[in-house]
Amino acid sequence: MSTESTTEEAASAFNIHPMDQFVVHPLFGDGPIQWYTPTNVTLWMALAVLAAFVVLVVGSRGRAMVPSRSQSVAEMTYGFVRKMIEDITGKEGLAYFPHIMTAFLFILFANLLGLLPYSFSTTSHVAVTGVLALTVFLTVTVIGFVKNGPSFIKLFWVSSAPLALRPVLFLIELISYFVRPVSHSIRLGGNLMAGHAVVKVFAGFAGALGIGAVIPITAIVAVYGLELLVAFIQAYVFTILTVVYLNDALHPSH
Amino acid sequence: MATQDAAHAAEASVGMPQIDFSTYPNQIFWLVVSIIVLYFIVAKVALPRIGSVIEDRHNAVANDIEQAAEFKRKAEEAEAAYNAALAEARAQAMQIAGEAKAEIKADVDAAIAKADAEIAAKAAESSVRIEEIRASALKSIEEVAGVAATDIVAAIMPSATDDKALKAAVAARLKG
């Protein structure tokens, strides 16, 4: 009995649950999760919106000719996304500046807030990134057909290729077009989930190793730095791909 | 411990919470709400405000540059005006100097001319006087010669008293 309990103890010491952090649970009580239930998803999405509000709106409240630090951050974010759109799509893409800015800010702050201990990363869920990617996909497709009419199909018809290859390329281009939302969403969600799970796994080792915990803790620090980078890069990648897809819709000819 | 294990077991049965489809409606609903709220914050408040601040700054900088160019242009104009005034003053000074020189020269010339004229007049007057003196001297000589001849003739031939013939004879002699 005592040996059994020690083995159970040892087992539970290494009983690491790296995926627990991703569990959606109600904020109040313990009932079933309805679509309207306020959950940790609600909380951390609201905090992401609040953080974006603080950085952009509160940060720029001075409207100073010579910007304060917080205003500089707001202006840099503005200029960064605006320049990205202008560089890729030209002036036409600027009509979608607020939409792209919203996506960038939401993903960026959700990623960054997810790095806080005991927090919940909403962008590590495929449900969230999938909806974002599908919205981008559908919007861009609609814009493509509205702006170009049926000639939007030319996007898939590689006129620079030899004539015999064009039907094959058409099929490949078509498939790759429909795979876009999948890669777009899994890239973001997968990166976030994997990074956070790795940190949790190392943390589990640290709990079990006693003095040897120095090694996993060092690893956590390193991975955490990397995750900070990933939080920015994945927000950037998601946004720039959105802009590239938008550019395809605005200028479909290869 | 047992309840904790049970909870773990329950979560373990979930496996990846990412593919627990029962939470999808909840996540999607709150995502849509958050995105709409954030969109209105971004589109209605943040972007117009930051955009206008950046544009104001851009305009202010452009204005300042324009103003600086204006000032530079004015400075250049002032320099040109100064140079023109300087050149004009120099030209005027030279003209005044030239005029003064010409005036002085004219004065000197006039004085010289006047002096020459005076000298010439004096010389002419003198020569007239000399002529007069010479003439009067000649006349005196003639008179003296006449008187002397008359006296001589009277002394030699008291009968001969034709003064007129005598004078003519003396004059003819003197001329010869």
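Of the residues A:Val49, A:Val41, A:Val57, A:Val24, only one is at the interface with another protein chain (Cβ under 7 Å from one of its Cβ atoms), within 26 Å of B:Ala60 (Cβ to Cβ) and among the β-branched types (Val, Ile, Thr); which?
Answer to the check: A:Val57.
Condition first: farther than 19 Å from A:Phe109 by Cα and surrounded by fewer than 18 Cβ atoms within 10 Å (Cβ to Cβ). Now tell me which residues in the range B:21-31 satisfy that.
B:Phe21, B:Ser22, B:Pro25
Within the range A:97-119, can you find the residues that are more than 10 Å from chain B (Cβ to nearest Cβ) and either among the hydrophobic types (A, V, I, L, M, F, W, C) or not in a loop (DSSP other than H, G, I, E, B) (or both)?
A:Ile107, A:Leu108, A:Asn111, A:Leu112, A:Leu113, A:Leu115, A:Leu116
Among the numbered conditions (1) free of Cβ contacts under 8 Å to residues at least 24 places away in the same chain; (2) in a helix (DSSP H, G or I), tell me where A:Arg180 comes up short.
(1)
Do you know which residues across the range A:154-177 are assigned to a helix (DSSP H, G or I), surrounded by 15 or more Cβ atoms within 10 Å (Cβ to Cβ) and not basic (Lys, Arg)?
Quick first cut of the range A:154-177, residues assigned to a helix (DSSP H, G or I) only: A:154-156, A:163-177.
When the remaining residues are screened for being surrounded by 15 or more Cβ atoms within 10 Å (Cβ to Cβ), the result is A:155-156, A:166, A:169-170, A:173, A:177.
Correct list: A:Leu155, A:Phe156, A:Leu169, A:Phe170, A:Glu173, A:Tyr177.
I need a count of the residues in the range A:61-84 that are more than 10 Å from chain B (Cβ to nearest Cβ) and either among the β-branched types (Val, Ile, Thr) or in a loop (DSSP other than H, G, I, E, B) (or both).
Residues in the range A:61-84 being more than 10 Å from chain B (Cβ to nearest Cβ) and either among the β-branched types (Val, Ile, Thr) or in a loop (DSSP other than H, G, I, E, B) (or both): 2 in total.
For the structure I just gave you, tell me whether A:Asn247 is among the polar types (S, T, N, Q), surrounded by fewer than 22 Cβ atoms within 10 Å (Cβ to Cβ) and under 15 Å from the mean Cα position of the chain (by Cα).
So A:Asn247 does not fit the description; no.
In the range B:32-52, which residues are surrounded by 14 or more Cβ atoms within 10 Å (Cβ to Cβ) and of a type in the set (Lys, Arg)?
The one that is surrounded by 14 or more Cβ atoms within 10 Å (Cβ to Cβ) and of a type in the set (Lys, Arg): B:Arg49.
Run down B:Glu66, B:Glu77 and say which single residue is within 38 Å of the chain's Cα centre (by Cα), more than 14 Å from chain A (Cβ to nearest Cβ) and over 30 Å from A:Tyr78 (Cα atoms).
Every option except B:Glu77 fails the conditions.
All of the numbers you see were taken from the coordinates with simple rules; none came from a lab. These figures come from a predicted structure and were not determined experimentally. Cβ sites come from the backbone with ideal geometry, for glycine too, and all protein chains shown count toward neighbours.
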